[in-house]
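The values are calculated or read from the model by the stated rules, or taken from the named source; none is laboratory data. Because the structure is predicted, anything quoted here is derived from the model rather than measured. Cβ placement follows ideal geometry from the backbone for every residue including glycine, while neighbour counts extend to all protein chains displayed.
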Amino acid sequence: MLYFLWWLLCLNNDTKPNANQTGNFLPLDNMVQIPAGKFTMGSNNAELDEQPAHELSISSFYLCKYEVTVAEFKTFVEASGYQTDAEKTGGTETWKMDHNGFERPNSDQQHPVMHVSWNDAMAYCKWLSQKTGKTYRLPTEAEWEYVAGNGAKHTKYDWGNGAPIGKKGGSIADEQGAAQFGWTQADYMIFLGYKDGYEASAPVGSFSPNELGICDLSGNLSEWCQDWYSESYYPSSPASNPKGPTKGSEKVIRGGSWGTAPADTEVHKRDSGEPGRRGGSLGFRVARDL
C-alpha cells in the first residue's frame, strides 16, 4: 500500500523540474522508479528491424521523468570543462543552441538540450555518477520501449492509442509546425487537428506524463539509448533485460521529436546513428539501476 501511494505521488507530482537541494540543476529529484514487468516489444506489422514482436521481462529501474535540460547540461560543462563533439570538431551548432542554431536565452534553459552526441550523453552520465556515487547511464532500448508504451499495455504512443489532445500529447509534428516550416499538411506527415503550442521543442514537463510518470517520450526530442544497433537483433534477443549487441557501428535512437511524422512517432519505431551524430531533434535522458 505504501509503495502504491508513493508511486501515485510520483505520477501526479508537479510536471516542472526541480533543482536539487544544493541549487545545482541536476536530475536527481526527478527520478521515477519504474516497476518490473513484461511486455511485447516490436511489431509484426512494421519494418523488418522491428520484427518479430517478442515478449520481454524488464527489471525495476529508475528513469528520469524529463529529458536532460540545457540548464542541467550547462552545470555539467561548467563543472567539468567538457567539450562536446560539436565543439571539438568546430561545429557551429552546439548544446547552447536551439533548432535554428541560435543561442538560447536564459528563459529557455528548461528546454531539452539538443545537438549532443551519444558520446556527449555518456560523458554526462559518467560525470553524474562520479559526482553522486551512484551509477547513472542511458536507458536500454528495451527499457525505453517498455516505459514509452506504458508497460504491458504497449500503447501506440506514450499518451495512449488515440490522437493527441491538449496536454495529453506532446511537442510533435502538428499543424503549427506545418505552417511554420512548410511541411505537407497530410495525416502521413503531421498530426492533423492538433497544435501543441510550440514551434519546435517545449520546456520539459509542458505535457502530461504517461501512466508510468514519464514525460516527452513520444515528442520533444528523439533520445539516445545505451545499445549498439543491429537490424537483425530481435530474433536473438534475450528474454530478460536485453542490452543489445556487444558491438556495432551505430547506437540506438528512440522516440519521436517535434518534427517526426506520426508513423515514426510510434513507440516501436527504431532509429540509429553513429556515436558522434547530433542534431536539433536529438537529446537524451538518464536512467539508474536500483
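Computed values, structure above
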quantity: Checklist (1) buried (at least 20 other Cβ atoms within 10 Å of the Cβ); (2) at pLDDT 95 or above; (3) closer than 27 Å to Gly244 by Cβ applied to Asn30, failing item; calculated: (2)
quantity: Filter result (touching a residue at least 40 places away in the same chain (Cβ under 8 Å), farther than 18 Å from Gly283 by Cα and part of a loop (DSSP other than H, G, I, E, B)) within the stretch 133-171; calculated: Lys134, Thr135, Gly149, Asn150, His154, Thr155, Lys156, Trp159, Lys167, Gly169
quantity: Those residues of the stretch 201-241 which are touching a strand residue (DSSP E or B) at 6+ places or on another chain (Cβ under 7 Å), part of a loop (DSSP other than H, G, I, E, B) and farther than 20 Å from Lys153 by Cβ, in sequence order; calculated: Ser201, Val204, Asn220, Leu221, Tyr229, Ser237
quantity: Subset of the stretch 184-200 that is in a loop (DSSP other than H, G, I, E, B) and in contact with a strand residue (DSSP E or B) (Cβ under 8 Å, 6 or more places away or on another chain) - its residue that is nearest to His99 (Cα to Cα); calculated: Asp196
quantity: The stretch 242-290: number of residues that are over 14 Å from the mean Cα position of the chain (by Cα), assigned to a loop (DSSP other than H, G, I, E, B) and among the hydrophobic types (A, V, I, L, M, F, W, C); calculated: 2
quantity: The lone exception for Lys156 - which of (1) closer than 21 Å to Pro35 by Cα; (2) touching a helix residue (DSSP H, G or I) at 6+ places or on another chain (Cβ under 6 Å) it fails; calculated: (2)
quantity: Subset of the stretch 239-273 that is surrounded by fewer than 21 Cβ atoms within 10 Å (Cβ to Cβ), touching a Leu at 6+ places or on another chain (Cβ under 8 Å) and of a type outside the set (S, T, N, Q) - its residue that is farthest from Ala53 (Cα to Cα); calculated: Gly273
quantity: Selected residue (criterion: farthest from Gly205 (Cα to Cα)) from residues of the stretch 215-253 that are in contact with a Lys or Arg (Cβ under 7 Å, 6 or more places away or on another chain) and of a type in the set (D, E, K, R); calculated: Asp227
quantity: Single match in Tyr62, Tyr82 (criterion: in contact with a strand residue (DSSP E or B) (Cβ under 6 Å, 6 or more places away or on another chain), surrounded by 15 or more Cβ atoms within 10 Å (Cβ to Cβ), among the aromatic types (Phe, Trp, Tyr) and modelled with pLDDT of 95 or more); calculated: Tyr62
quantity: Residue in the stretch 65-75 that is among the β-branched types (Val, Ile, Thr), assigned to a helix (DSSP H, G or I) and surrounded by 15 or more Cβ atoms within 10 Å (Cβ to Cβ) present; calculated: yes
quantity: Matching option when the condition is within 20 Å of Met114 (Cα to Cα) and modelled with pLDDT of 95 or more, among Pro275, Pro235, Pro245; calculated: Pro275
quantity: Matching residues, the stretch 96-116, being surrounded by 23 or more Cβ atoms within 10 Å (Cβ to Cβ) and assigned to a loop (DSSP other than H, G, I, E, B); calculated: His111, Val113, Met114, His115, Val116
quantity: Tally of residues being in a loop (DSSP other than H, G, I, E, B) and more than 18 Å from Ile253 (Cβ to Cβ) across the stretch 76-95; calculated: 8
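Listed here are the residues, each with its yes/no results for (1) surrounded by fewer than 18 Cβ atoms within 10 Å (Cβ to Cβ); (2) on the phi > 0 side of the Ramachandran plot; (3) in contact with a Leu (Cβ under 7 Å, 6 or more places away or on another chain).
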{"site": "Tyr136", "(1), (2), (3)": "no, no, yes"}
{"site": "Val147", "(1), (2), (3)": "no, no, yes"}
{"site": "Pro164", "(1), (2), (3)": "no, no, no"}
{"site": "Gly182", "(1), (2), (3)": "yes, yes, no"}
{"site": "Ile190", "(1), (2), (3)": "no, no, no"}
